[in-house]
1. Consider residue 358 carefully, then state whether it is on the phi > 0 side of the Ramachandran plot and more than 22 Å from the chain's Cα centre (by Cα).
2. Restricting region 151-170 to residues that are buried (at least 17 other Cβ atoms within 10 Å of the Cβ) and closer than 19 Å to residue 216 by Cα, which is farthest from the chain's Cα centre (by Cα)?
3. Has region 164-182 got any residue that is at pLDDT below 95, out of contact with any helix residue (DSSP H, G or I) (no Cβ under 9 Å at 6 or more places or on another chain), part of a loop (DSSP other than H, G, I, E, B) and under 30 Å from residue 257 (Cα atoms)?
4. Filter region 261-271 down to residues that are surrounded by fewer than 24 Cβ atoms within 10 Å (Cβ to Cβ) and out of contact with any strand residue (DSSP E or B) (no Cβ under 6 Å at 6 or more places or on another chain) and give me whichever is modelled with the highest pLDDT.
5. Look at residue 527 and say whether it is exposed (fewer than 15 other Cβ atoms within 10 Å of the Cβ), farther than 18 Å from residue 314 by Cα, out of contact with any helix residue (DSSP H, G or I) (no Cβ under 9 Å at 6 or more places or on another chain) and at pLDDT 95 or above.
6. Out of region 294-328, which residues are modelled with pLDDT of 90 or more, part of a strand (DSSP E or B) and either under 23 Å from residue 388 (Cβ atoms) or more than 25 Å from the chain's Cα centre (by Cα) (or both)?
7. Can you pull out the residues in region 344-383 that are assigned to a loop (DSSP other than H, G, I, E, B) and buried (at least 18 other Cβ atoms within 10 Å of the Cβ)?
8. Tell me yes or no: at least one residue of region 123-130 is surrounded by 16 or more Cβ atoms within 10 Å (Cβ to Cβ), in a loop (DSSP other than H, G, I, E, B), touching a helix residue (DSSP H, G or I) at 6+ places or on another chain (Cβ under 9 Å) and modelled with pLDDT under 85.
């Protein structure tokens, strides 16, 4: 009779929701101990399972419904299940803007990495795979398509700098349509607790946008690509946080604090984002400290360097000299031999302060970079190394203008040698006539307006732009044994470049990009969300303008592009 009474009490507690839902392991024990019958067991299973109520466990043990061993096992499982939530306790001060599109207060599982070129991510639930270690699998399968008014010969990651052709190119007179599944993604988050206040985690994320010799004719066997792969240690009580591995750069805006998996990329389908968005994904060592009940954060990151020379003609020698200039080299060993890598001598040093005062999220960051080249005279008797330092910084804010309905996202950046850290990839540096590298002054800005009229709908409009200053060098003639003008190799945006060929089909064009900007509206909608996962669909339109520096006669080429994108995504492991 006592066990029967307990069964009725248990059932009443569950159905009146006076306790947290119960766990399947507990139901199995109660069934085996004949505390509940098979029919009651089936009913409770159908009602859903979740965290075990510790008070209920204690009552069942005291009344003999479960043994001490069974109690210990269930209590240990409950403690392990709660660790995932405890790990993110330090980040729970997020204001509404941080979580609106996710509908998820567990900052640790917001995983905005999945948002690259994509929809707000559904909630994911971790599973204990080893005692005390939880695994959270994530990712999606995507069917995407893009129709551009000009042919970039690109996948879903557009390029707003050198890939939008001027009128001299046949590609400027061709449209481009592609469908792609290569942005489909796989991720794995592993979490554990070393001690009560020391949390460990590792995160791995991959897609299939790796560059390889594959084609799209028949099998489309494209290579996987490492997007993110890092480990973290969190000392919760002390407020210290360490990250090591490949992650989003510290310049990338977060939704709250300075925590991994809380980054805030635009919601665009286009994996190339939008000009003005500041980011990189690189190997780094990062140390973070939070203060004042997790409302103030400070961070230092040492990030793997790489100079961006996109849009430059790299001279082999100094101007009017046979002295050899070395600023990059083809990859060797495990680096791609078809790619040139800059000759770097020190990491990029990035610092950031973040504030979560209760309304909005605000960031200030700064960076120091080092660019290196070597000049060797023709007789190999005099070699000189040149290292130049550059400085940059920026500001970002996330503002819940109308809580749960309308958010505003803003980031700006300025300085010299900062092109690597923004989407348009304007060059970091240019070559002086001596062969030394000179950092270029640049500015970027992004403004986003995101509306959530319904939990199933997210509408956005972004405007972003980037501009780089001219660096003139007084040079004439062509490169040795070449038709490339000297003015395209020394300096950047030289006033004596002849750009008239950019307007003539088949003409020679060496114009260099001075600015790029884009405006893009779009939306995401949740078609289905439940035990079978989540299905989302989205549409995006983008208008992009590319402007070049003026040359001889003051002629400044420009070009633009219209693009329409669609995406259908299934998140099988998220709901």
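1. Yes.
2. The residue in question is 151.
3. no
4. Among residues in region 261-271 that are surrounded by fewer than 24 Cβ atoms within 10 Å (Cβ to Cβ) and out of contact with any strand residue (DSSP E or B) (no Cβ under 6 Å at 6 or more places or on another chain), the one modelled with the highest pLDDT is 265.
5. It is true that residue 527 is exposed (fewer than 15 other Cβ atoms within 10 Å of the Cβ), farther than 18 Å from residue 314 by Cα, out of contact with any helix residue (DSSP H, G or I) (no Cβ under 9 Å at 6 or more places or on another chain) and at pLDDT 95 or above.
6. Selection gives 300, 301, 302, 303.
7. Scanning region 344-383 gives 347, 356, 360.
8. Among the residues of region 123-130, at least one is surrounded by 16 or more Cβ atoms within 10 Å (Cβ to Cβ), in a loop (DSSP other than H, G, I, E, B), touching a helix residue (DSSP H, G or I) at 6+ places or on another chain (Cβ under 9 Å) and modelled with pLDDT under 85, which makes the answer yes.
The values are calculated or read from the model by the stated rules, or taken from the named source; none is laboratory data. Note that the coordinates shown come from a computational prediction; the quantities given were computed from them, not determined experimentally. Glycine also receives a Cβ, built like all others from the backbone with ideal geometry; neighbour counts cover every protein chain displayed.
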